[in-house]
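The values are calculated or read from the model by the stated rules, or taken from the named source; none is laboratory data. All figures in this text were calculated on a predicted structure; none of them were measured in a lab. Cβ coordinates were reconstructed from backbone atoms using ideal geometry, including for glycine residues, and neighbour counts include every protein chain displayed.
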Amino acid sequence: MATVLCVLYPDPTTGYPPHYARDEIPLIADYADGQSLPRPRGPLGFRPGELIGCVSGELGLRHVLEKAGHKLIVTSDKEGPGSEFERWLPEADVVISQPFWPAYLTAERIARAPRLKLAVTAGIGSDHVDLAAAAAAGITVAEVTGSNCVSVAEHVVMMVLALVRNYLPSHAISVTGGWNIADCVARSYDLEGMHFGTIGAGRIGLAVLRRLKPFDVPLHYTQRHRLAAETEAELGLTFHPDVSSLVRAVDIVNLQLPLYPATEGLFNDAMFSTMKRGAYLINTARGRLVERDAVVRALESGHIAGYAGDVWFPQPAPVNHPWRTMPFNGMTPHIAGTSLSAQARYAAGTLEILQDFFDGTPIPDDYLIVDGGRLAGTGAKSYGLT
Ligand code: NDP
């Protein structure tokens with residue numbers, strides 16, 4: 001019998017939903033890059049479209065795990081020595097956490113988890129785990145690669161349009177009884193013709209490029225490995241050999257690369273100063289890619305025209321975090337990858353990973369971040385160390 005410690009975000013403030021806005025979610029075939037959707041064995045413990053990412057939803061795992069004789073602890077209480085997470089950590093064989101409400105698995109916490117063998121990220125991005133410490137402790141780290149790529153790509157497109165068209169302030173004017181058209185449009189532009197560039201054109205970055213292509217925007221990208229020539233030709237992509245070349249060339253910069261030591265603080269004062277005046281920055285990747293106060297300065301000085309982000313540090317962000325109130329921001333709490341549609345996929349993938357782990361079947365390479373004491377599978381490609 002294993003103890004599975006699962007950290008999820010709290011329930012809605014109004015309580016767990018008795019019903020939903022829609023009766024079902026569309027059935028999706030396999031992912032665009034050909035990767036298979038999660039295929040857990042046996043029935044799911046939830047109905048796709050239900051809110052399973054929060055504590056009462058339990059990722060639909062309770063029945064399935066308890067039937068197999070395992071113990072499931074679910075909590076949102078994750079910070080500090082008195083937290084439920086720290087209380088149960090010493091007896092946990094498996095920890096499950098989500099990037100939206102990350103249970104930071106630091107080296108100190110790993111040292112207090114002698115039984116821990118598997119850390120699952122229910123979603124994408126395992127930077128909340130100290131990967132080196134996990135590798136040294138023989139812990140396998142796995143995530144549900146692909147599960148919410150389109151969810152995030154759609155969020156990026158929404159943020160691009162929201163910033164460029166000045167949607168959020170205009171909406172606020174409409175709901176507060178106003179009608180000053182000039183207030184709405186004094187910062188509103190058409191996206192058409194603007195140059196868009198993504199730093200990182202992996203699963204999500206490429207999905208963003210594909211979705212923006214019909215808007216007639218010249219598309220740019222940079223990353224260490226160049227995309228296939230056919231993909232560049234199909235989308236009319238301009239490749240830049242480095243970040244600074246891309247940043248100077250475009251009106252909208254999108255961050256879609258993982259956080260690891262070499263990418264932390266990538267957007268600092270020096271980088272902002274190389275952006276075009278009036279450019280926009282979108283960040284659904286990780287908060288620490290951007291220096292907290294540098295973006296505030298860039299917005300307040302008017303050097304950049306807007307910042308829309310979905311990711312913060314720490315999470316949850318403190319109420320006085322300056323990104324909540326800085327000018328021209330289109331921030332969301334970390335939600336891009338946890339739509340009800342995404343939850344169904346990453347919960348199914350989490351179950352698949354658990355089944356492989358308990359059955360002694362190899363976890364697919366696509367899902368692996370750390371295994372056998374080193375970066376493995378997707379982790380070896382994504383985290384920049386190999
Ligand atoms: P992928 O691994 O598919 O793509 C990441 C891309 O980043 C790769 O193509 C890689 O290319 C590129 N990259 C890595 N390092 C650098 C670098 N130093 N400079 C430029 N490019 C770099 O990951 P995904 O697209 O699936 O996810 C990307 C990130 O999005 C995740 O790591 C996560 O942090 C975030 N995310 C956010 C979510 C949300 O809800 N907001 C949900 C899901 C993910 P190369 O190796 O050639 O450099």
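Summary of computed values
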| item | result |
| --- | --- |
| Filtered residues of region 221-246 (kept if part of a loop (DSSP other than H, G, I, E, B) and within 11 Å of the ligand (Cβ to nearest atom)) | GLN223, ARG224, HIS225, ARG226, LEU227, HIS240, PRO241, ASP242 |
| Count of residues meeting criterion [outside any helix (DSSP H, G or I) and either within 30 Å of TYR307 (Cβ to Cβ) or not aliphatic (A, V, I, L, M) (or both)] in region 366-383 | 6 |
| Entirely in region 247-365, the helices (runs of 4 or more DSSP H) that have 2 or more residues that are farther than 15 Å from VAL156 by Cβ, small (Gly, Ala, Ser) and within 15 Å of the ligand (Cβ to nearest atom) | 340-359 |
| Those residues of region 81-91 which are under 25 Å from the mean Cα position of the chain (by Cα) and more than 14 Å from ILE110 (Cβ to Cβ), in sequence order | SER83, GLU84 |
| Residue match in region 154-173 (condition: buried (at least 16 other Cβ atoms within 10 Å of the Cβ), at positive phi and in the same structural domain as GLU108 (by TED's automatic domain parsing)) | no |
| Residues of region 126-159 satisfying the condition of being within 25 Å of ALA113 (Cα to Cα) and among the hydrophobic types (A, V, I, L, M, F, W, C) | VAL129, LEU131, ALA132, ALA133, ALA134, ALA135, ALA136, ALA137, ILE139, VAL141, ALA142, VAL144 |
| Filter result for SER126 (within 16 Å of the ligand (Cβ to nearest atom), at pLDDT 95 or above, in a loop (DSSP other than H, G, I, E, B) and within 15 Å of VAL370 (Cβ to Cβ)) | yes |
| Output for region 174-184, where each listed residue is in a loop (DSSP other than H, G, I, E, B) and either within 32 Å of the chain's Cα centre (by Cα) or exposed (fewer than 11 other Cβ atoms within 10 Å of the Cβ) (or both) | THR176, GLY177, TRP179, ASN180 |
| Qualifying residue in region 92-110 (condition: part of a helix (DSSP H, G or I), farther than 20 Å from PRO333 by Cα and either within 16 Å of the ligand (Cβ to nearest atom) or more than 24 Å from the chain's Cα centre (by Cα) (or both)) | yes |
| Hits in region 198-216 - residues which are more than 20 Å from SER382 (Cβ to Cβ) and crowded, with 21+ Cβ neighbours inside 10 Å | LEU212 |
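Residue-wise test of (1) assigned to a helix (DSSP H, G or I); (2) exposed (fewer than 13 other Cβ atoms within 10 Å of the Cβ).
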position	(1), (2)
ALA29	no, yes
LEU37	no, no
GLY49	no, no
LEU59	yes, no
LEU72	no, no
